[in-house]
Amino acid sequence: MEKTMTGSRFVTGALKGIAVAGILMAASFATAQAATSKLSATEGRAKLMKQLKATQADTFEFKNSDQDMVKGFTTSSKPAGDKYVAYVFLDWGDLNNLIQKGGKDKYSNWDGYVKVTGGTAEVVRKFAFDDGTSHKLNVPEGGKTAGKAATAKKSSGPGAGSGQDELISSGDPSTVAWKAGVVGATDGLLIKLTLTSPQATGEIKAGKFTHALTVNPAPAQPATTTTAPKAKPKAK
């Protein structure tokens, strides 16, 4: 990804479905898309992160340096029809925004995958993941344009010195795999897990780092009870 295409702060594309109101994990992405279609890219990203973090269960962070790291989290699972749904979010690259100007000399390999047992995995949103589907200007959270259009389309593809990314079709519905590199910027993915039970295990890999994936159901909310007011004593 070129430096002008920052991932964790710059949002690419329209929001691909998330419920603005109601139960996040049980909501259909197709239904939720209409509810958020009028949001700006920045508003969509902010609302999405707020709702996901409300069910955040496990976090991870690994670094090559302060300028090159990966952070992410998984959510608890919630019922969705006869299935259960959880999410994995991960962001990698110059997350601290320390590199002022990117270039091939800033290249870092972030190839990876998310694999889950007892379910399927699918990418439902990309964050500056430059796979050739869009080369328009990104809009940062402050509202200013990034300044230059993406140039990754001129690259021969993912690899040394390139900021271009690509999702890999493995033929295994339980796995999402990708090739990704940053050249001084960031990339990110949001991955939906559809599970046959509320608990699941698996593995997350990004660059040279691996993290055990564990999904558990969201804690039950305590029932609310009301106490009847005590009767006032009768006056003598």
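Restricting the stretch 46-99 to residues that are assigned to a strand (DSSP E or B) and farther than 25 Å from T117 by Cβ leaves a set whose member that is modelled with the lowest pLDDT is G93.
Here is a check on your reading of the model: is S40 under 29 Å from D111 (Cβ atoms), over 14 Å from the mean Cα position of the chain (by Cα) and at pLDDT 50 or above? Spelling it out, it is not the case that S40 is under 29 Å from D111 (Cβ atoms), over 14 Å from the mean Cα position of the chain (by Cα) and at pLDDT 50 or above. Residue count for the stretch 100-137 satisfying the condition of being part of a loop (DSSP other than H, G, I, E, B), at pLDDT 90 or above and open to solvent by 20 Å² or more (accessible area, probe 1.4 Å): 4.
So that you can scan it fast, the table gives a plain yes or no per residue for (1) buried (at least 18 other Cβ atoms within 10 Å of the Cβ); (2) farther than 16 Å from A128 by Cα; (3) among the acidic types (D, E):
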position: S169; (1), (2), (3): no, yes, no
position: D172; (1), (2), (3): no, yes, yes
position: K179; (1), (2), (3): yes, no, no
position: V182; (1), (2), (3): yes, no, no
position: A185; (1), (2), (3): yes, no, no
position: L189; (1), (2), (3): yes, no, no
position: K192; (1), (2), (3): yes, yes, no
position: A200; (1), (2), (3): yes, yes, no
position: I204; (1), (2), (3): yes, yes, no
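The values are calculated or read from the model by the stated rules, or taken from the named source; none is laboratory data. In this text, all values refer to a predicted model and were calculated from it rather than measured experimentally. Cβ sites come from the backbone with ideal geometry, for glycine too, and all protein chains shown count toward neighbours. Side chains are part of the model used for accessible areas, which takes the heavy atoms of the whole protein and leaves out ligands, DNA and RNA. Shrake-Rupley method; radii C 1.70, N 1.55, O 1.52, S 1.80 Å.
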